[in-house]
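Bear in mind these aren't lab numbers, they're just calculated from the coordinates by the rules spelled out. Remember, predicted model here, so these are calculated numbers, not experimental data. Using ideal geometry, Cβ is built from the backbone for each residue, glycine included, and neighbour counts are taken over all protein chains shown.
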Amino acid sequence: MLRRVLLSLSRSTRVRDLVETAPISRDVVARFVAGTRAEEAVTATRRLVESGRLVSLDRLGEDTLDRAQADATRDAYVRLLKLLADDGLTAGAEVSVKLSAVGQALAGDGERLALDNAAAICEAARDAGTLVTLDMEDHTTTDSTLSILRELRRDFPGTGAVLQAYLHRTEADCRDLATEGSRVRLCKGAYKEPAGVAFQSKQEVDRSYVRCLKVLMRGSGYPMVATHDPRLVAIAGELVRRTGRDKGSYEYQMLYGIRPNEQLRLAARGERVRVYVPYGDEWYGYLVRRMAERPANLVFFLRSLATKG
Ligand code: FDA
C-alpha cells in the first residue's frame with residue numbers, strides 16, 4: 001500500500017516541487033545520488049573503481065516532453081563520457097540512459113528522436129571505449145524501448161537491455177535476448193504497474209526473477225544480476241555454479257549507497273560488481289522510488305526533514 005502511494009508520488013509534479021524546495025539535508029540525497037554535477041559523479045566513479053567495483057552512470061531526468069531538453073540530456077551524456085575518458089575511467093565505467101529523458105515520450109516523432117539521441121550517446125561511448133545500457137521504464141514503453149534497442153544493436157552490438165521480472169512478459173523477453181553477446185540487466189522493476197501486466201506480490205515477483213535468471217544464465221548472453229536481495233544473490237551464485245559460467249561472463253549490479261558492504265564482499269571474491277551511480281538535479285523521482293522499496297529509507301528522509309526544516 002505504502003509502496004503504491006509512494007510510486008504515485010514519484011510522478012507528482014506538485015509534490016516534487018514541494019520536496020525539491022524543502023530544506024532537505026544534502027546528506028539524504030547524497031546517500032543515494034553522487035552529486036548534481038558531472039564532475040562530482042566522476043569523482044564518485046573514481047572512488048568506486050579504486051575499490052574494485054565497476055560503475056554505470058545515470059544522469060537523472062525522465063519524462064522529457066521538450067525537444068531542447070532531450071537534446072541537452074544527450075549533450076550532457078556526451079560530455080560525461082569525455083570526462084570519463086579523459087580520466088582514464090572508461091574501462092570500469094559505462095552509462096545508463098532512460099529513453100524518456102532523450103525524447104521517447106514526445107508526441108509525433110519522439111521514438112525517432114530518442115533513437116537518434118541514444119545513437120549519438122552510443123557513438124560517444126564507443127569513442128570513449130565503453131558501452132551504454134538502456135534503462136527500462138514503465139510497461140507502456142517496453143515495446144518501444146526494445147525496438148530502439150534492436151535498432152541500436154545493429155551499429156552498437158554491446159548496447160545493454162534492462163528487463164523487469166515483475167512483468168508477465170519478461171520470461172519470454174529473456175528467451176529472446178539470451179543470445180551471444182547480449183548484455184541483459186535483470187531487475188525486479190520499480191514502477192507502479194497494473195495486475196493485468198505485472199505480478200503484484202513480492203513472492204510472485206521473486207519467483208519470476210528466478211525463472212528469468214535461469215533463462216539468462218543458461219543462455220549465451222551476458223547476464224547482469226541487478227538486485228540487493230540476499231536470497232536472489234545466493235540463487236544467482238548457485239546458478240553460476242550449475243551452468244558452469246566463468247567469472248567475468250556475468251556481473252552483479254547494485255545501486256549507489258545500497259548494501260555497499262555486500263558490493264565489496266562480492267568484489268573481494270573476484271566477482272564483477274557494478275554500482276549504478278545516479279547524479280544530477282532531477283533526483284526526486286529516483287529518490288522516491290528508493291523510498292518505496294524500503295520504508296526505512298523514508299523514515300531516514302522524514303527525520304532529516306524534521307531536523308533541518
Ligand atoms: P527488494 O526491493 O525486494 O529488496 C530486497 C532487499 O534488498 C531488502 O530486503 C533490503 O535488504 C535490500 N534493499 C532493497 N532496496 C533497498 C533500498 N532502497 N535501501 C536499502 N536496502 C534495500 N528498475 C527499473 O524498473 N528499471 C531499471 O532500469 C532499473 N535499473 C536498475 C539498475 C540497478 C543496477 C539496480 C540494482 C536496480 C535497478 N532497478 C531498475 C530497480 C529495481 O527494479 C528494484 O526496484 C530495486 O533494485 C529494488 O529491488 P531488489 O531487487 O533490490 O529487491
Q) What is the set of long-range amide H partners of LEU57 at a cut-off below 5 Å, with H atoms built 1.01 Å from backbone N? A) GLU94, VAL95, SER96, VAL277
Q) What are the ³J(HN,Hα) values, in whole Hz, obtained from phi via the Karplus relation 6.51 cos²θ - 1.76 cosθ + 1.60 with θ = phi - 60°, for each residue of the range 269-285 in sequence order, with x given for Gly and Pro? A) 7, x, 7, 7, 10, 10, 9, 8, 10, x, 8, x, 6, 8, 8, 4, x
Q.
Can you compute 3J(HN,Hα) from phi for each residue in the range 126-136, using the Karplus curve 6.51 cos²θ - 1.76 cosθ + 1.60 with θ = phi - 60°, rounded to whole Hz and x for Gly and Pro?
A. 4, 4, 7, x, 9, 10, 10, 10, 8, 4, 10
Q. Which order results if ILE148, ILE235, ILE121 are arranged by neighbouring Cβ count within 10 Å, fewest first?
A. ILE235, ILE148, ILE121
**Q.** Eligible lysines near LYS247 by straight Cα distance, threshold 24 Å, same-chain separation 8 or greater
**A.** LYS188, LYS214
Q.
I need the semi-axes of the equivalent ellipsoid of the chain: take the C-alpha gyration tensor, multiply each eigenvalue by 5, square-root it, list largest first in whole angstrom.
A. 26, 23, 22
(Q) Could you order the peptides 198-207, 245-254 from most to least packed, using the average number of other C-beta atoms within 10 Å per residue? (A) 245-254, 198-207
